[in-house]
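Notes follow once the structure below has been shown.
The values are calculated or read from the model by the stated rules, or taken from the named source; none is laboratory data. None of the values given here were measured: they were computed from a predicted structure. Reconstructed Cβ throughout: ideal geometry from the backbone, glycine too, with neighbour counts over all protein chains shown.
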Amino acid sequence: MTKGLIEAATGTTEKATLERRELHHRISNSLQIVVAFLRLKRNHITPETALEALEKAADRIDAIGHFHRYVAENDSDENVSFKDLARYLMADICTSVGLECRVEGDDIPLSVDKALNLIIIINELAINSHKHAYDNRDGGEFVVRCERCDDEIVLTVSDSGKGLPHNFSLEEHQGLGFEVIASTVERLGGWLECEDRARGAAFRFAAPID
């Protein structure tokens with residue numbers, strides 16, 4: 001019996017150690033994302049835009065904080081339901097930027113790190129939609145659709161605003177939000193495309209599930 005208790009205690013200790021390492025790894029990744037945000041923002045700041053830049057940086061960090069709160073509340077050590085996660089976070093994100101959000105499609109389990117990166121992309125597109133598609137007016141529609149296509153998760157994010165500017169190009173667009181999006185998609189090994197619609201615009205992006 002004593003041997004069994006020792007083995008059980010050892011197993012519990014090893015599990016706690018692994019969980020602690022995973023937590024530190026997750027926090028480290030999140031802090032690296034924050035640092036990347038701030039370094040990208042540094043290239044766009046002028047004395048006139050400094051206050052707005054700080055407010056937007058705070059919003060981005062807050063979104064990461066909401067993500068970790070969801071993971072903690074749902075005891076999600078390895079995988080999360082991306083659809084549930086998106087619904088939880090988009091309620092806060094869309095409220096903060098004045099949009100009406102809807103999440104549709106497949107329920108796809110993803111690793112915590114991959115889910116965080118995809119949420120960052122959606123957050124940037126929500127900010128961009130409110131600012132450009134709706135000219136900072138509240139009440140605009142913002143839809144996130146999740147689909148599984150073979151071994152990829154494909155997300156389509158759309159609005160019903162005024163559409164993309166004439167001759168818009170992802171490759172030539174220089175805004176900070178799209179710098180964040182492009183670097184995140186590249187880090188995930190995914191792809192990104194945009195579509196101008198009769199009513200609004202849509203962005204589709206994907207990443208390997210595993």
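Please work out if SER169 is under 21 Å from VAL97 (Cα atoms) and free of Cβ contacts under 8 Å to residues at least 60 places away in the same chain. So SER169 fails the test.
Exactly one residue out of ILE127, ILE121 is more than 18 Å from SER81 (Cα to Cα), buried (at least 18 other Cβ atoms within 10 Å of the Cβ) and under 15 Å from the mean Cα position of the chain (by Cα): that is ILE127. Taken over the range 97-147, the criterion of being within 22 Å of GLY163 (Cα to Cα) and acidic (Asp, Glu) is satisfied by GLU100, GLU104, GLU124, ASP135, ASP138, GLU141.
Restricting to the range 80-123, name every residue that is among the polar types (S, T, N, Q) and touching a helix residue (DSSP H, G or I) at 6+ places or on another chain (Cβ under 7 Å). Can you show your working first?
If we filter the range 80-123 for residues that are among the polar types (S, T, N, Q), which is where we start, we get 81, 95-96, 111, 117, 123.
Once the filter is applied, which keeps residues that are among the polar types (S, T, N, Q) and touching a helix residue (DSSP H, G or I) at 6+ places or on another chain (Cβ under 7 Å), the range 80-123 yields SER96, ASN117, ASN123.
Scan the range 113-161 for residues that are over 13 Å from MET90 (Cα atoms) and of a type in the set (Phe, Trp, Tyr) and report the count. The number of residues fulfilling the criteria is 1.
Here's the yes/no breakdown for (1) out of contact with any strand residue (DSSP E or B) (no Cβ under 6 Å at 6 or more places or on another chain); (2) outside any loop (DSSP other than H, G, I, E, B); (3) of a type in the set (D, E, K, R):
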residue: ALA58; (1), (2), (3): yes, yes, no
residue: VAL71; (1), (2), (3): yes, yes, no
residue: ARG87; (1), (2), (3): no, yes, yes
residue: GLU104; (1), (2), (3): no, yes, yes
residue: ALA115; (1), (2), (3): no, yes, no
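Filtered by the rule that a residue be of a type in the set (Gly, Ala, Ser), modelled with pLDDT of 90 or more and closer than 20 Å to VAL180 by Cβ, the range 122-160 gives a lone residue, SER158.
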